[in-house]
1. The range 112-176: which GluC sites (Glu not before Pro) are DSSP loop and have at most 14 other beta-carbon atoms within 10 angstrom?
2. Give the residue list of trypsin sites (Lys or Arg not before Pro) in the range 144-182 that are DSSP loop and have at most 15 other beta-carbon atoms within 10 angstrom.
3. Sort largest first and round to whole Å: the equivalent ellipsoid semi-axes of the range 53-182, each the square root of five times a Cα gyration tensor eigenvalue.
4. Keeping every protein chain in place, order Ile105, Ile118 by accessible area at 1.4 Å, biggest value first, i.e. largest first.
5. Could you work out how far apart the two model spin labels at Glu130 and Asn83 are, taking each label as a point 7 Å from the Cα in the direction of the beta carbon, and quote it in nm?
6. What is the local net charge at Gly148, summed over the other residues whose Cβ is closer than 12 Å to its Cβ (Lys, Arg +1; Asp, Glu -1)?
7. Starting from the Cα of Lys155, step 7 Å along the direction of its Cβ; do the same at Arg75; then give the gap between the two resulting points in nm.
8. Starting from the Cα-Cα distance between Glu50 and Ile92, subtract it from 0.36 nm times their residue separation and give me the gain in nm to one decimal.
Amino acid sequence: MKKLKMLFISILVIMTINYVTTGSNLVYADDDFEKYYENHEGVKGEDSYEDIGEAVGWGTVIAMIIAGLIYPIRRSMKLVITNFPGLKKMFISISRFFGKYHIFIGIIALVLSIIHGIFMYLSEGELESEGIIGLGAVGLIVIASIVGSVLFKNKKVKSLRTTHTILIVLAFLVGAIHIFVS
Ligand code: HEM
Ligand code: HEM
């Protein structure tokens, strides 16, 4: 599983680097040719940065939601089991599944948010207020992940769990403001 994770993350990074280098070559090459070609390709290149960046942005949102599902699932465990005893087995395996892959999905969310940020920056060519708000959300996820790594080794420490959750709630809020103003 560890190798699979490493492979997946490496592929994502290689794809990004590949896209970024090919994309900028096109833009540089454009400067050497006629005006028509330059404008046409230049606009097209920036557009595709934005399209890919936006798709990755929504991917980040989805990954964050899937990672966060661990919370309502765990909290509703008692309620579901007492009211629907027949669902106990299924609910426990769902809960185990989300527990097992939580860190992996959380890291995917973090990696996607960074890739999104890079693409949006390349498409806009500057860091504007919405980008700075986005950076704030990424910063919160980074700190939450650091706390999460400590929590992983000390699962009984309640304050670490609360800190991790509060940071994630803030990341959701700042992320939502970022999407709203974009
Ligand atoms: C957790 C972090 C982040 C999430 C969840 C996120 C999510 C999104 C989403 C879903 C959109 C698309 C909105 C639409 O379709 O109109 C968007 C737009 C944008 N994002 Fe992010 N983002 C994050 C971080 C960042 C960072 C770090 C940057 C830049 C450094 C950034 C820059 C932008 C920009 C410039 C847009 C505006 C695109 C436009 O409409 O012109 N974002 N973001
Ligand atoms: C956007 C990404 C993430 C979200 C939305 C998120 C959210 C959550 C939530 C809501 C909980 C439940 C807290 C509770 O039981 O009261 C939790 C637990 C936890 N998180 Fe995250 N998290 C994210 C990323 C990460 C990352 C990257 C790591 C590790 C580096 C991590 C490590 C942990 C650990 C170890 C737990 C305790 C799990 C257990 O009790 O078995 N999380 N997280």
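1. Listed in order of number, the matching sites are Glu126, Glu128.
2. Those satisfying the criteria are Lys155, Lys156.
3. Three semi-axes, in Å: 31, 16, 12.
4. Reading off the accessible areas and sorting them downward yields Ile118, Ile105.
5. It is 3.9 nm.
6. +3
7. That separation, rounded to one decimal, is 2.0 nm.
8. Working it through step by step, the gained length comes to 11.0 nm.
The values are calculated or read from the model by the stated rules, or taken from the named source; none is laboratory data. On a predicted model such as this, the values are computed, not experimentally measured, just so you know. Glycine also receives a Cβ, built like all others from the backbone with ideal geometry; neighbour counts cover every protein chain displayed. Just the protein is used for accessible areas: all its heavy atoms, side chains included, with ligands, DNA and RNA removed. Shrake-Rupley method; radii C 1.70, N 1.55, O 1.52, S 1.80 Å.
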